[in-house]
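To start, the structure itself, in structure tokens.
The values are calculated or read from the model by the stated rules, or taken from the named source; none is laboratory data. The model shown is predicted, which means the values in this text are computed figures rather than measured ones. Don't worry about glycine lacking a Cβ; one is built from the backbone with ideal geometry, like all the others, and counts go over all protein chains shown.
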Amino acid sequence: MSPIRFRLLGRLLETKAPKKEEAYPDIITIEDEEEGSLARIEPTEDLKRELEEKEERIRTLEAENRDLQEQLRLSAERVEEMEQEPSVLQHIIIKKERLDEDDIQKLKELEEKANTYRRRAWKHEHFSNYRFRKLKEKDKEIQQLLQKLKAKGSEIQRFREEHSRMNNAFGKLKKALTKEKAKITKAMQQRVGPSPKVEPTEEKPVISGQKRTFNGKSKRPAKKSKRCSS
């Protein structure tokens, strides 16, 4: 509220209530409407009691009025002091400007951090994409190698089957040759007769330092031990 409004309100409240003698005399004079003359009427007990209550109410209002006037005066003085001392407002404005500068500095720092994180994220994404491309290329190579391995596996399976067939054929051929050899041997024995018995040769015991002998002769002579001369 401005000081002008305070002053106007104070002037309105400064109006004093009418005095007891002027407002409520002991004898009330009224005008008689029928006769057109003035008549004096003495107040009754009820009227006196009502007058006393109104006087008490007036005193209460006057006390409240004085309190309000005092409060208005103090408020007006405070407003005048505040108007005469703009340094408080200037201090608040300077503080706000300083806070704004701090906020701007903090925003700049946050923006720099955001740019740094953005660059890191871009590098990470770029590197991730590079690694993903390399992994896809490796996956293609692995798929090609798997195809080659499958082809080699099928070739190995065919080779195993062919080898098994060849083994079976060789076994059958071996059996046939064995039977044929037995037939030929039997036929030759029937024509020539039994073959002479061959006595087994006795083997001499092997001496340490010598190899196994054949017909009493050593294949290699034993090495002579060399003594170290002092």
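Search the range 69-88 for residues that are hydrophobic (A, V, I, L, M, F, W, C) and pair each with any residue that is modelled with pLDDT under 85 and outside any helix (DSSP H, G or I) when their beta-carbon atoms are under 9 Å apart and the residues are at least 6 apart or on different chains.
Taking only residues 6 or more apart or on different chains, the pairs are Val79/Met1; Val79/Ser2.
Each row is one residue, and each column tells you yes or no for (1) loosely packed, with under 10 Cβ neighbours inside 10 Å; (2) modelled with pLDDT of 85 or more; (3) under 60 Å from the mean Cα position of the chain (by Cα); (4) of a type in the set (Lys, Arg).
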position	(1), (2), (3), (4)
Asp46	yes, no, no, no
Lys54	no, yes, no, yes
Asn65	no, yes, no, no
Gln71	no, yes, yes, no
Leu74	no, yes, yes, no
Lys96	no, no, yes, yes
Leu110	no, no, yes, no
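What are the pairs, 6+ residues apart or on separate chains, where a residue within the range 179-191 that is loosely packed, with under 10 Cβ neighbours inside 10 Å has its Cβ under 8 Å from a residue that is in a helix (DSSP H, G or I) and aliphatic (A, V, I, L, M)?
From the range 179-191, no pairs qualify.
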